Amino acid sequence: MRIVIKIGTSSLTYATGQLNYRHIGIMTDIICDLKNMGNEVVVVSSGASGVGMGKLELSRKPPESAKKRVLAASGQSGLMAMYEDFFGRYNCKIAQVLLTKSDLKKPEKAKSITRSFEEMFNYGVLPIVNENDVIASDDPNSDDMFGDNDTLSAEVAAFIKADVLVIWSDIDGLYTKDPRSNPDAEFIHVVPKVTDEIYQMAGGAGTARGMGGMRTKLNAAVIANNAGVDMIISNSEKPELLYDLMEGKSIGTLFQKNKEYKQGE
Ligand code: GLU
């Protein structure tokens with residue numbers, strides 16, 4: 001199975017902004033295991049800006065784009081060093097892939113990116129993808145920025161024709177209402193199509209630490225599903241659910257791929 005797993009900043013850090021090593025250890029162990037089972041795994045990881053904030057001893061993200069880029073630049077190397085340590089414990093080889101949105105749209109670049117992914121799979125290397133925040137243009141007319149890693153992970157899953165995209169979130173999946181403020185909220189196991197009604201269930205903002213929220217996850221589902229890729233929102237506190245997924249059991253909320261999608265579209 002070809003599987004893309006999105007890890008957000010809130011799954012990597014405590015509310016203090018510091019790295020949650022215990023949890024990172026559990027998540028990375030399971031990812032190594034999935035690879036050892038013979039799956040082709042790609043991780044899309046946020047956290048560059050978060051790690052950069054710690055490195056530069058800032059308590060808040062600066063509003064200026066150029067300064068935010070410095071956070072990402074200083075944090076990305078630390079993020080990868082952290083992954084080298086954790087994945088290295090099991091000799092699970094990793095590679096860094098930094099993408100901007102326009103890269104995937106330019107045919108000549110897209111061809112190289114496709115070949116790079118194929119060779120990483122051939123070498124048994126685990127690609128760890130993030131947005132190339134340092135060079136992504138934030139000009140609203142440029143269409144160069146993903147802006148959040150939910151979208152990035154969906155574009156990557158679509159691009160490499162993954163079987164499934166798993167977005168690890170701080171919640172079990174999609175509810176009819178926000179369960180934190182509505183005790184009568186009902187859990188939704190399967191979403192055959194993302195409709196306006198589904199969007200209404202999503203509410204607004206995300207967490208304080210990451211860029212995404214339920215709405216960006218639904219946007220991601222639309223991108224993945226329209227490209228023939230199933231998407232699952234699952235709780236990052238329960239990463240072992242991925243073993244259930246491998247056994248064909250249902251986990252989290254499944255957003256079903258568009259069945260009318262045909263290869264090559
Ligand atoms: N690319 C950003 C980072 O690594 C994260 C974007 C997001 O949180 O979705 O800091």
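The values are calculated or read from the model by the stated rules, or taken from the named source; none is laboratory data. The model shown is predicted, which means the values in this text are computed figures rather than measured ones. Don't worry about glycine lacking a Cβ; one is built from the backbone with ideal geometry, like all the others, and counts go over all protein chains shown. With ligands, DNA and RNA removed, areas are computed over all heavy atoms of the protein, side chains included. Shrake-Rupley method; radii C 1.70, N 1.55, O 1.52, S 1.80 Å.
Observations on the model:
- Here the Gaussian network model covers the chain, with springs between Cα atoms less than 10 Å apart; of Ala157, Ala221, Ala95, Ala95 fluctuates the most.
- Three-way shape label, the chain, alpha-carbon gyration tensor, a/c 1.5: rounded
- Considering only Asp230, Asp172, Asp33, the Gaussian network model of the chain with Cα springs below 10 Å gives its largest mean-square fluctuation to Asp33.
- Contour excess over end-to-end distance, with Cα ends at Thr114 and Ser77 and 0.36 nm allotted per residue: 10.9 nm
- Theoretical ellipticity at 222 nm over the chain - DSSP helices of four or more residues, -39500 (n - 2.57) apiece, nearest 500: -12500 deg cm²/dmol
- Overall, the anisotropy analysis places the stretch 53-153 in the oblate class: the square-rooted eigenvalues a ≥ b ≥ c of its C-alpha gyration tensor yield a/c not less than 1.5, with a/b not exceeding b/c.
- Just checking the listed ones, Ile198, Ile223, Ile167: in the Gaussian network model of the chain with Cα springs under 10 Å, the one fluctuating most is Ile198.
- Near the amide H of Lys93, within less than 5 Å, lie the amide hydrogens of Leu126, all on another chain or at least 5 residues away, with H placed in the peptide plane.
- Accessible area of the stretch 66-205 belonging to carbon and sulfur atoms, whole % at 1.4 Å probe: 52 percent
- Here the spin labels are modelled as points 7 Å beyond Cα on the Cα-Cβ line, and at Asn122 and Lys161 they lie 1.6 nm apart.
- Applying 1/(1 + (r/R0)^6) with r as the Cβ-Cβ distance of Asn20 and Tyr261 and R0 = 45 angstrom yields a FRET efficiency of 0.75.
- Kyte-Doolittle at least -1.0, axis length at least 30 Å by Cα - qualifying DSSP helices, the chain: 65-88
- Across the alpha-carbon atoms of the stretch 1-55, the computed radius of gyration and Dmax are 12.5, 37 angstrom.
- Added length on full extension, which subtracts the Cα-Cα distance from 0.36 nm per residue, Asp178 to Ser102: 23.9 nm
- Annotation: average projected area of the stretch 78-218 is 11.0 square nanometres, based on the convex hull of Cα atoms across all directions.
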